[in-house]
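The values are calculated or read from the model by the stated rules, or taken from the named source; none is laboratory data. Since the structure is predicted, the reported quantities are computational estimates derived from the model, not experimental observations. All Cβ positions, glycine included, derive from the backbone under ideal geometry; neighbour counts span all protein chains shown.
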Amino acid sequence: MVPRVMSTQHPDNARIPFFAASEVLNGEDEVREAYYVFSHFKCDEQMWDFEGKEADAHIVRKLLSSYYDFFSSRPLGKDFRLTMRVPNPEIEKGEAKLLAETLEMIPRSYDYVRSLGIEHPPIFEVILPMTRSAEEVMKVHAFYRDFVAGKGRFELLGEKVSDWLGDFLPEEIKVIPLFEDRDSLMRAAEISERYAEWAELDELRVFLARSDPAMNYGFVAATIYVKKALYDLSQLGISTYPILGVGSCPFRGGFSPKNLSVLDEFPSVYTFTVQSAFKYDYEFGDVRRAIKRAKEAARRKSDYVDEEHLQVAEKLKDGYRRRIAKIAEIVNRISSRIPRRRMRKLHVGLFGYSRGEEIKLPRAITFCASLYSIGLPSEIIGIAEMSDKDYEAVCEVFKNFDGMMESAMSLFNPESLKIVDLSMDFERAKELFGYEPDERHLEKTNEIIKQIDGDIKNLVVEAGILRGFLG
């Protein structure tokens, strides 16, 4: 059974989960989290992330040794999936060999569960981030098959390696391509089809990002690009099971226990991610009910995206990117005081623009948290470029556009315009979507603005709790 809900480790939560030893989740906390999301939230998949962070390579052993009664009757790989996100050697040259180390986990984990009498591989899929070609996916698949599982066929001093070290199983894995930029999203179907043909697969899981496309191209353009990729995937001659990476912040997808319209917005998506804010910034009962709804959601046909929609996306993307230089200074000024929620390696994105400049910005969660903390929702950036005709075209393909923007606008603080002049964007957004501020959030962001160069960490968290996400 293909999972419907994937828990991830994205650090977008304002509240600290009850099982955490500190406000920054460490490796042991994440082991407890994996058990908790399976046993209590009833998620059917956990992403185990080796990209950009230190992850525990002994996760299967630790889960089984700590929670044997639970997992012995509900085996990993059968009732629940543990799916690793691995580094992409084509992009992350400094982490290239970590891919090999991570793939070696797979047969080692299978050995461990077999020693307990469980005859099912606990891990048999990996996620390849920043996929840009079919060859990248094929290489990971072939490397595992030929050099990880395949090493058992080699001879060492006249003896087969498998006779010495045991079998290396499973013999093959599936690779889930993760598409994160515009060009790869536009080619997602082509790349997926080539990989499926090469690997002789009749079905395939494909992962589409929402955060990084929004960060690079803006809220509306990212949504249209993802919808175009979903439509193209639906036209393939094989069964595809799209995964959509969505956070609770509208800019990053808007999926929360209080907003399940995302299930209808992307009707062909099979698996939705639930990130940390979804899990920990809402009442437990609401989270459980929302996950149940997501697991039961009926799939329908993808929305058709035509050339007019893509032209609007390009126009809004260009308007968004023209404003980034203006925004970067305040984002970088605040970002160092956004609290960390996971032990992650420092990652600073470089964003290149047509004028040849390079602008340094933090990752999407910190970017959104920095702006929302002063009452500047990132969803409005560039919205002044939207004509009435553009608005009508967007609403054709983005069904809950108004609802998402009204939600974002409620968190706007006009005082933020004194820090970053996006007054034209605000006025156009107010004209299209109205402005009814959340008074409690307005008050909290006023406090942050008054103390903007001081110790604002607690205020940032309090504002995040009010809106239901950090960033």
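Residues in the stretch 451-468 that are within 26 Å of the chain's Cα centre (by Cα) and not in a helix (DSSP H, G or I): 468 alone.
Of everything in the stretch 188-202, what is without any contact (Cβ under 8 Å) to a residue 40 or more places away in the chain and either touching a helix residue (DSSP H, G or I) at 6+ places or on another chain (Cβ under 7 Å) or not in a helix (DSSP H, G or I) (or both)? Give them in sequence order. Hits for the stretch 188-202 are 200, 201, 202.
Hey, does the stretch 450-457 have a residue that's assigned by TED's automatic domain parsing to the domain that holds residue 332, basic (Lys, Arg), out of contact with any Cys (no Cβ under 7 Å at 6 or more places or on another chain) and without any contact (Cβ under 8 Å) to a residue 40 or more places away in the chain? Looking for residues that are assigned by TED's automatic domain parsing to the domain that holds residue 332, basic (Lys, Arg), out of contact with any Cys (no Cβ under 7 Å at 6 or more places or on another chain) and without any contact (Cβ under 8 Å) to a residue 40 or more places away in the chain, one finds at least one in the stretch 450-457, hence yes. Being assigned by TED's automatic domain parsing to the domain that holds residue 339, crowded, with 21+ Cβ neighbours inside 10 Å, of a type in the set (A, V, I, L, M) and more than 25 Å from residue 321 (Cβ to Cβ) is a property that residue 429 lacks. Once the stretch 334-362 is narrowed to residues that are touching a helix residue (DSSP H, G or I) at 6+ places or on another chain (Cβ under 8 Å) and modelled with pLDDT of 90 or more, the residue that is nearest to residue 13 (Cα to Cα) is 341. Among the residues of the stretch 432-445, those that are of a type outside the set (Asp, Glu) and surrounded by 14 or more Cβ atoms within 10 Å (Cβ to Cβ) comprise 432, 433, 435, 437, 441, 442, 444, 445. Condition test on residue 20, is it farther than 23 Å from residue 287 by Cα, at pLDDT below 95 and either in a loop (DSSP other than H, G, I, E, B) or of a type in the set (Phe, Trp, Tyr) (or both)? No, not satisfied. Within the stretch 262-296, the residues that satisfy the criterion of being of a type in the set (S, T, N, Q) and farther than 24 Å from residue 235 by Cα are 275, 276.
Of the set (1) over 30 Å from residue 218 (Cα atoms); (2) assigned to a loop (DSSP other than H, G, I, E, B); (3) in contact with a Phe, Trp or Tyr (Cβ under 9 Å, 6 or more places away or on another chain), all apply to residue 119 but (3). Got at least one residue in the stretch 86-109 being closer than 21 Å to residue 35 by Cα and modelled with pLDDT under 95? No, because not a single residue in the stretch 86-109 is closer than 21 Å to residue 35 by Cα and modelled with pLDDT under 95. In the stretch 263-282, the qualifying residues are those that are closer than 16 Å to residue 225 by Cβ and not acidic (Asp, Glu), and the one that is farthest from the chain's Cα centre (by Cα) is 268.
A Cβ distance below 6 Å, combined with a sequence gap of six or more or placement on separate chains, defines the contacts here; from the stretch 228-240, residues that are exposed (fewer than 15 other Cβ atoms within 10 Å of the Cβ) reach residues that are part of a helix (DSSP H, G or I) and among the hydrophobic types (A, V, I, L, M, F, W, C) in the pairs 238/196. Picking from residues in the stretch 49-92 that are assigned to a helix (DSSP H, G or I) and of a type in the set (Phe, Trp, Tyr), the one that is surrounded by the fewest Cβ atoms within 10 Å (Cβ to Cβ) is 68.
Any residue at all in the stretch 398-409 that is surrounded by fewer than 19 Cβ atoms within 10 Å (Cβ to Cβ) and free of Cβ contacts under 8 Å to residues at least 24 places away in the same chain? No - not one qualifying residue is present in the stretch 398-409. Within the stretch 429-450, the set of residues being assigned to a loop (DSSP other than H, G, I, E, B) and of a type in the set (Phe, Trp, Tyr) comprises just one member, 435.
Restricting the stretch 5-29 to residues that are surrounded by 21 or more Cβ atoms within 10 Å (Cβ to Cβ) and more than 20 Å from residue 362 (Cα to Cα) leaves a set whose member that is farthest from the chain's Cα centre (by Cα) is 5.
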